[in-house]
Each structure stands twice: as C-alpha cells, then as structure tokens.
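Inspection log for the structure reproduced underneath, given as structure tokens.
Just so it is clear, none of the values below were taken in a lab; they were calculated from the coordinates. Everything numeric here is computed off the predicted structure, so don't read it as measured data. Every residue, glycine among them, receives a Cβ derived from its backbone with ideal geometry; neighbour counts consider all protein chains shown.
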Amino acid sequence: DQRLCFFRLEHAFLHQATCEGTCPWRYWVRRQGLAGQEEWAIPFDFPSLELHTLRALDDGGVVVGGAANVGQERLPWLSRLDAAGAPLWQKTFPDPGQFNAIAQAPDGDVVAVGGLHEYPTDELWAV
C-alpha cells in the first residue's frame, strides 16, 4: 500500500514523497524524458534527509535541498546531481534550519534560501 504524498515538477525533474503502510517517508528525485518516461530515480530516505526544494540547472543537472537530521540537530542540506543522476557533492551547514528555495545565478553558481528554526526569531538567510 504505497501513497504518493506530494510532488513538484521542475522541468524534467519530479520531487515526490512516498509512504508505504505506516511509513517511513522516502523522498525521490526522478528525471523524466520528453514522453514522460522515467530516465532515472534517486531515493533519499527520511529521517536522515528531508527534501523541500529542487532546481533544474542549465547543464541538465539538479540541486536538491532541505534538511539533514544529524544527531539531535536538523541542519540545512544541499546536494548536486549531474544530468545522469550521479551525486557530485553534498553539503550541510552548521546552523539549525532548512533550505526552502534554490536558484541558479547567471554565472552558474547556486543560491539557496532557508530559515533558522529557533524561537522567537525564525530568521531568514541565504548562502
């Protein structure tokens, strides 16, 4: 019994969360061809990772972002996949929070925006 919980289509990339039975969550990044056929699928398992955003890049790759659960902390997390779905890099950042949006700058750099989850401020920040 698998349930599709949400998805987002960004060009040829699909971001979805699935849950089997009583869960745990499994997040996927899938690349689809022009006819809708699946070219590749990369799973990211919760509770260690949460996907909240993705951005297709000019070179055919994708950057995904969200939070990584490390010990008792929830740290902002980014991962870069190439056009074939192979991981190129992955990075967590030291302040608690998550990334909520990603953009590609004209020079090809990646800009990610997120927030801290510490009360009372819930500050917004970018890297």
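Could you look through the range 81-96, keep only residues that are touching a Gly at 6+ places or on another chain (Cβ under 8 Å) and under 19 Å from Gly33 (Cα atoms), and pick out the one that is surrounded by the fewest Cβ atoms within 10 Å (Cβ to Cβ)? Talk me through it step by step, then tell me what you get.
Initially, the range 81-96 is screened for residues touching a Gly at 6+ places or on another chain (Cβ under 8 Å), giving 81-83, 88.
Subsequent filtering for residues that are under 19 Å from Gly33 (Cα atoms) retains 81-83.
Details: Leu81: 23, Asp82: 13, Ala83: 15.
Ranking the candidates gives Asp82 first.
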Q) What pairs can you find where one residue is in the range 100-111 and on the phi < 0 side of the Ramachandran plot, the other is part of a strand (DSSP E or B) and of a type in the set (Ser, Thr, Tyr), and their Cβ atoms are less than 9 Å apart, with a gap of 6+ or different chains? A) Asn100/Thr53; Ala101/Thr53; Ile102/Thr53
Q: Could you tell me which residue of the range 40-74 is surrounded by the most Cβ atoms within 10 Å (Cβ to Cβ), considering only residues that are more than 14 Å from the chain's Cα centre (by Cα) and closer than 20 Å to Ala103 by Cα?
A: Gly60
